[in-house]
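**Student:** Quick one: this structure, given as structure tokens, is what I'll be asking you about.
The values are calculated or read from the model by the stated rules, or taken from the named source; none is laboratory data. None of these values were measured; they are calculated from a predicted model. Because the Cβ atoms are built from the backbone with ideal geometry, glycine has one as well, and the counts that use them run over all protein chains shown.
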């Protein structure tokens, strides 16, 4: 049987997520980490006086890799316990260490501590991706800081802005996400060596009541696995609220990406922007001319999935009974991996689009020019008053002319307001200045200067702080 095509496989693994994140949540990383944890425990127990030999440790170290996954699967079918299955498999590979493997530990010593390592490493990968996207958006914002575009509120024409200023709104969302991510990175503590219900009773027995040796064992294993601190108290598991706090950041990143993708899709429908489109790419099987914003649509789809999964971690945190309950296990295997793989895929797409976004300046200009006569109404009102016209009379004239222009537009005609203003006796004296008064840059306020200020004061220092981080991979495989 062709197993690859006869079994369900997650599209996050086969289509969307990158190699580094896929490996981070792989069985190989998980179970080699379990073995490293068993070795660290035995090493530190030996250092603190337990009867463990160098030969036992050497044999364990020699078999970190080369896991017999088939043997482990056979054990699990028999024992119905994944930790014991892999413990027996490790013991078969390192038989001299069998008597001291997992000494005093509970299953969560390996499962939870390994998960915390995976979560820590996953956050580091996401941070690299996030900073990469921010660099691409920062360059885009600077390049287009002064391009006037029609602003939109309620998806209706509004005052002007610039494309670079709009990009700064996307960028600021990611800035907030990065701040939150770095905060939660500091909260990913090690579960440590805590025992069955978190009381460390088994280790206290091993060390014949020596509390300081138990404390020191916890400290040493924690340091050996690359952590500075452990949770001060745990039940059998580390607190599941940590999962929610981590995945809140992932949900927020997905929200930021989805907002960007929606904006690009809306502009794409107006032919103002288009995402990268390859030479042989097909937009539609039926309509050869189509250039659908596939990447942004995929960002939206994956973001929806990630955002929806956040409720799973919330319910898991809320439904932990006393020191632990196993109804957190199956859903966490799905939720945590899928949220990280999903955000990894989202950021790869985001970087690809942001670094290759096509700007159609003439279309932006045409849309703004179509609306400028309306946007200029207040300014025209003030200018005509300077000529001695009654303000209320001028206001009524503008109201009537605007209504007539709107009716013409609804009838499918070009906006006639500028021409009608030039013909109207109240506004005709200003027509020689229409080129100046209707200049698009008059309607963007301080948008270009705001881009400069924001990049200089907020983004550039932040990116300089993270100058060592680079994108892992931004290739879109499908």
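**Student:** Among the numbered criteria (1) more than 26 Å from residue 121 (Cα to Cα); (2) at pLDDT 95 or above; (3) out of contact with any helix residue (DSSP H, G or I) (no Cβ under 8 Å at 6 or more places or on another chain), which one does residue 308 miss?
**Tutor:** Of (1) more than 26 Å from residue 121 (Cα to Cα); (2) at pLDDT 95 or above; (3) out of contact with any helix residue (DSSP H, G or I) (no Cβ under 8 Å at 6 or more places or on another chain), only one is false for residue 308: (1).
**Student:** Residue 66 passes all but one of (1) at positive phi; (2) in a helix (DSSP H, G or I); which number fails?
**Tutor:** (2)
**Student:** In region 115-130, is there at least one residue being within 23 Å of residue 446 (Cα to Cα), modelled with pLDDT of 95 or more and under 26 Å from the mean Cα position of the chain (by Cα)?
**Tutor:** Kept after step one, since they are within 23 Å of residue 446 (Cα to Cα), are these residues of region 115-130: none.
Within region 115-130 (the criterion being within 23 Å of residue 446 (Cα to Cα), modelled with pLDDT of 95 or more and under 26 Å from the mean Cα position of the chain (by Cα)), the answer is no, since none of the residues qualifies.
**Student:** To continue, here is another question. From (1) crowded, with 20+ Cβ neighbours inside 10 Å; (2) under 38 Å from the mean Cα position of the chain (by Cα); (3) at pLDDT 95 or above, pick out the condition that doesn't hold for residue 97.
**Tutor:** Every listed condition holds for residue 97 apart from (2).
**Student:** Test residue 56 against the criterion of being on the phi < 0 side of the Ramachandran plot, in contact with a helix residue (DSSP H, G or I) (Cβ under 6 Å, 6 or more places away or on another chain), part of a helix (DSSP H, G or I) and surrounded by 19 or more Cβ atoms within 10 Å (Cβ to Cβ), and give yes or no.
**Tutor:** Yes.
**Student:** May I pose another question? Pick out, from region 321-392, the helices (runs of 4 or more DSSP H) lying fully within it that include 1 or more residues that are within 23 Å of residue 442 (Cα to Cα) and touching a residue at least 24 places away in the same chain (Cβ under 8 Å).
**Tutor:** So the answer is 361-375, 377-385.
**Student:** Then there is this: Do we find that residue 139 is modelled with pLDDT of 95 or more, loosely packed, with under 15 Cβ neighbours inside 10 Å and closer than 30 Å to residue 271 by Cα in this structure?
**Tutor:** Against the criterion (modelled with pLDDT of 95 or more, loosely packed, with under 15 Cβ neighbours inside 10 Å and closer than 30 Å to residue 271 by Cα), residue 139 qualifies.
**Student:** While we're looking at this one, here's another question. Of the numbered conditions (1) farther than 22 Å from residue 262 by Cα; (2) surrounded by 15 or more Cβ atoms within 10 Å (Cβ to Cβ), residue 343 fails exactly one; give the number of that condition.
**Tutor:** (1)
**Student:** Related question: (1) touching a helix residue (DSSP H, G or I) at 6+ places or on another chain (Cβ under 8 Å); (2) assigned to a helix (DSSP H, G or I); (3) crowded, with 16+ Cβ neighbours inside 10 Å: which one isn't true of residue 397, the others all being true?
**Tutor:** (1)
**Student:** Taking the condition of being assigned to a helix (DSSP H, G or I) and surrounded by 15 or more Cβ atoms within 10 Å (Cβ to Cβ), how many residues in region 427-436 meet it? Give the steps one after another, and end with the answer.
**Tutor:** First, pick out the residues of region 427-436 that are assigned to a helix (DSSP H, G or I): 428-436.
With surrounded by 15 or more Cβ atoms within 10 Å (Cβ to Cβ) added as a condition, the list becomes 430-431, 434.
Residues in region 427-436 being assigned to a helix (DSSP H, G or I) and surrounded by 15 or more Cβ atoms within 10 Å (Cβ to Cβ): 3 in total.
**Student:** Separate question: So which helices (runs of 4 or more DSSP H) stay within region 153-248 end to end and still have 3 or more residues that are more than 19 Å from residue 48 (Cα to Cα) and under 19 Å from the mean Cα position of the chain (by Cα)?
**Tutor:** 163-185
**Student:** When the residues of region 439-471 are filtered to those that are surrounded by 17 or more Cβ atoms within 10 Å (Cβ to Cβ) and at pLDDT below 90, which remaining residue is farthest from residue 132 (Cα to Cα)?
**Tutor:** 469
**Student:** Still on this model: Cβ contacts < 6 Å: first residue surrounded by fewer than 15 Cβ atoms within 10 Å (Cβ to Cβ), restricted to region 207-234; second residue at pLDDT 95 or above and part of a loop (DSSP other than H, G, I, E, B), any location; separation 6+ or different chain. Result?
**Tutor:** Within 6 Å, the pairs are 229/189.
**Student:** All but one of (1) part of a helix (DSSP H, G or I); (2) in contact with a helix residue (DSSP H, G or I) (Cβ under 9 Å, 6 or more places away or on another chain); (3) buried (at least 20 other Cβ atoms within 10 Å of the Cβ) hold for residue 112, so report the exception by its number.
**Tutor:** (2) is the only condition that residue 112 fails.
**Student:** May I ask you to say which residue of 231, 203 is in contact with a strand residue (DSSP E or B) (Cβ under 8 Å, 6 or more places away or on another chain) and closer than 17 Å to residue 110 by Cβ? Reasoning before the result, please.
**Tutor:** Details: 203 fails: in contact with a strand residue (DSSP E or B) (Cβ under 8 Å, 6 or more places away or on another chain).
Sole residue among the options that is in contact with a strand residue (DSSP E or B) (Cβ under 8 Å, 6 or more places away or on another chain) and closer than 17 Å to residue 110 by Cβ: 231.
**Student:** Turning to a different aspect of this structure: Quickly run through region 379-394 and pick out the residues that are surrounded by 15 or more Cβ atoms within 10 Å (Cβ to Cβ) and farther than 21 Å from residue 439 by Cα.
**Tutor:** Once the filter is applied, which keeps residues that are surrounded by 15 or more Cβ atoms within 10 Å (Cβ to Cβ) and farther than 21 Å from residue 439 by Cα, region 379-394 yields 389, 394.
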